[in-house]
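Data first, discussion second: the structure below is written as structure tokens.
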Amino acid sequence: MEEKVTLSVIKADVGSLVGHSMVHEELLKIALTSLNSAKEQKIIIDSYVTHAGDDIELIMTHRRGEESEEIHKLAWSIFKAATEKAKELKLYGAGQDLLKDAFSGNIKGMGPGVAEMEFFERKSDPVIVFMADKTSPGAWNYPLYKIFADPFNTSGLVIDPSMHDGFIFEVLDIRDNKTIKLNCPEALYDLLMFIGATNRYLVKKVFRKKDNEIAAVTSTQKLSLIAGKYVGKDDPVMIVRCQSGFPAVGEVLEPFAFSYTVDGWMRGSHHGPIMPVSFKDAHPTRFDGPPRVIAAGFQLANGKLIGPQDMFDDPAFDEVRRQTNIIANYFRAHGPFEPHRLGLDDMEYTTMPEIMKKLKDKFK
Ligand code: 13P
Ligand code: 13P
Ligand code: MG
Ligand code: MG
């Protein structure tokens, strides 16, 4: 019988060059060597290593299913080894996202971000892996809505018989740690009530309604909730399957032609526009941003990752990049004022308790 393939994307920031800008080449080399040896040992089928800003991205294919202890342990050991190198080079924030000392079977809840899906490979199976820096998992809500629920974005929802029934959104309430499945288009307005609140409700998975086939998955780890204090942004990843019953590649990329507002940027405490960039521009600098996203396209071939194609390396996205810079100027001009600065409850950094303590007797 034909076997399912699992696509696992596991990422972490374990130290950066310079400040929070970029992963050092030596760290990527560690990941590459280790994944090559995992390939030889047949732990994984194939892999691709890259970075989005200061986050190391491990893209792996294998036959071990989601949440495989062996795959998670492999990723953990790479991040541990890379942390050692980061410490040696005194890179900034060495070990930043590794919140636990010892591996305990599943990397979820230990700091790194994880997005995984298992499925039967189609005759031709295009997938796109999106990786963002200086933002948080709520950043995927807007594009996922556009891709899988908005006919003005995705004409396939109207004209492709295999998509016309719509998609099911699985939404996670990160405060109560509960999920709900909403069928679209019927529940569109309910869905939007939730996912418009990008700090609380995250689209975790999307399924094709006709046959429940997995269409998209995101990393939904919130480091600040795991750690109980700010330890860096969650810099999320997302996998989206394309074509033949799923949105076309161009429909999946289309939402990023608009520079929508996300939270993150400087100190994880600001709103700003997201910028789709090519791999070579995935190193945020201005005010540690603006937040950015890269897209690696692959064709799967018996578990092998054919590619990647650098999907935002296209002049068609020049205009949104220009827009992002204009919007960035607009936000920056607010300085420490909202809505550039996040609301009091959402900031990852705050001096408020200390200021309050100091001044509380002066309040009349
Ligand atoms: P092709 O006719 O090139 O397969 O394109 C179909 C499609 O889905 C374009 O988005
Ligand atoms: P990272 O989450 O990418 O490490 O960024 C943290 C930060 O404080 C940027 O200003
Ligand atoms: Mg960092
Ligand atoms: Mg980062």
Self-check item: Label point 7 Å beyond Cα of Glu88 along Cβ direction - residues of the stretch 1-29 with amide nitrogen under 18 Å
Solution: 14-17, 23-29
Quiz prompt | Virtual spin-label span in nm between Lys358 and Val18, 7 Å along Cα→Cβ | solution = 3.0
Practice problem: Assuming a ≥ b ≥ c are the square roots of the Cα gyration tensor eigenvalues, decide whether the stretch 287-364 counts as rounded (a/c under 1.5), prolate (otherwise, with a/b larger than b/c) or oblate. | Solution: oblate
Quiz item: Mean separation of Cα pairs under 8 Å and 6+ residues apart, divided by the residue count of the stretch 244-345: what relative contact order is that in percent?
Solution: 27
Quiz item: How much accessible area per residue does the stretch 126-228 have, in Å², with a 1.4 Å probe?
Solution: 41
Quiz prompt | Carbon/sulfur fraction of accessible area - the stretch 161-214, other protein chains in place, 1.4 Å, % | solution = 51
Exercise. With a ≥ b ≥ c taken as the square roots of the eigenvalues of the C-alpha gyration tensor of the chain, please select rounded if a/c is under 1.5 and otherwise prolate if a/b is larger than b/c or oblate if it is not?
Key: oblate
Quiz item: 222 nm [θ] for the chain, helices only, -39500 (n - 2.57) per DSSP H run of 4+, per residue, to 500?
Solution: -7500 deg cm²/dmol
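Under 9 Å from the Cβ of Val277, count the other residues' Cβ atoms, weight Lys and Arg +1, Asp and Glu -1, and hand me the total.
On the way: positive: Lys280, Arg292, Arg321; negative: Asp281, Asp313.
Counting the neighbours of Val277, the net charge comes to +1.
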Quiz prompt | Percent RCO, i.e. relative contact order, over the stretch 1-78, from Cα pairs under 8 Å lying at least 6 residues apart | solution = 40
Quiz item: Can you give the accessible area of Asp176, probe radius 1.4 Å, in Å² rounded to 10?
Solution: 90
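Could you please put Arg341, Arg241 in sequence from largest to smallest accessible area, using a 1.4 Å probe? It would help to have the intermediate numbers written out before the result.
Numbers: Arg341 75, Arg241 0 Å².
So, going from the largest accessible area down, we get Arg341, Arg241.
Summarise the accessible area of the stretch 310-351 (1.4 Å probe, protein heavy atoms) by the percent that is carbon and sulfur. List each step's numbers first, then the result.
Working: 1400 of 2640 Å².
It is 53 percent, rounded to a whole number.
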Quiz item: Shape call for the stretch 176-313 from the C-alpha gyration tensor, a ≥ b ≥ c root eigenvalues: rounded (a/c under 1.5), prolate (a/b greater than b/c) or oblate?
Solution: oblate
Self-check item: Only Lys, Arg (+1) and Asp, Glu (-1) charged, at Cβ; the stretch 146-245 dipole about Cα centre in debye
Solution: 380
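Over the stretch 37-121, what percent of the accessible surface lies on carbon and sulfur atoms, probe 1.4 Å?
45
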Quiz prompt | Accessible area, probe 1.4 Å, largest first, for residues Ile43, Ile274 | solution = Ile43, Ile274
Quiz item: For labels at Asp165 and Glu67 in the simple 7 Å Cα→Cβ model, what's the distance in nm?
Solution: 2.6
Practice problem: Run the quick spin-label model on Phe258 and Ser278: label points 7 Å from Cα toward the beta carbon, then report their separation in nm to one decimal. | Solution: 2.7
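Which of Lys100/Lys358; Lys11/Lys222; Lys146/Lys209 have a Cα-Cα distance over 24 Å? Could you put the intermediate results ahead of the total?
Numbers: Lys100/Lys358 34 Å; Lys11/Lys222 13 Å; Lys146/Lys209 16 Å.
Correct reply: Lys100/Lys358.
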Self-check item: Neighbourhood net charge (14 Å Cβ-Cβ; Lys/Arg +1, Asp/Glu -1) for Lys80
Solution: -1
Quiz item: Using Cα pairs under 8 angstrom and six or more residues apart, how large is the relative contact order of the chain, in percent?
Solution: 18
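The values are calculated or read from the model by the stated rules, or taken from the named source; none is laboratory data. Quick caveat: nothing in here was measured; it's all calculated off a predicted structure. Positions of Cβ are backbone-derived with ideal geometry, glycine not excepted, and every protein chain shown enters the neighbour counts. With ligands, DNA and RNA removed, areas are computed over all heavy atoms of the protein, side chains included. Shrake-Rupley method; radii C 1.70, N 1.55, O 1.52, S 1.80 Å.
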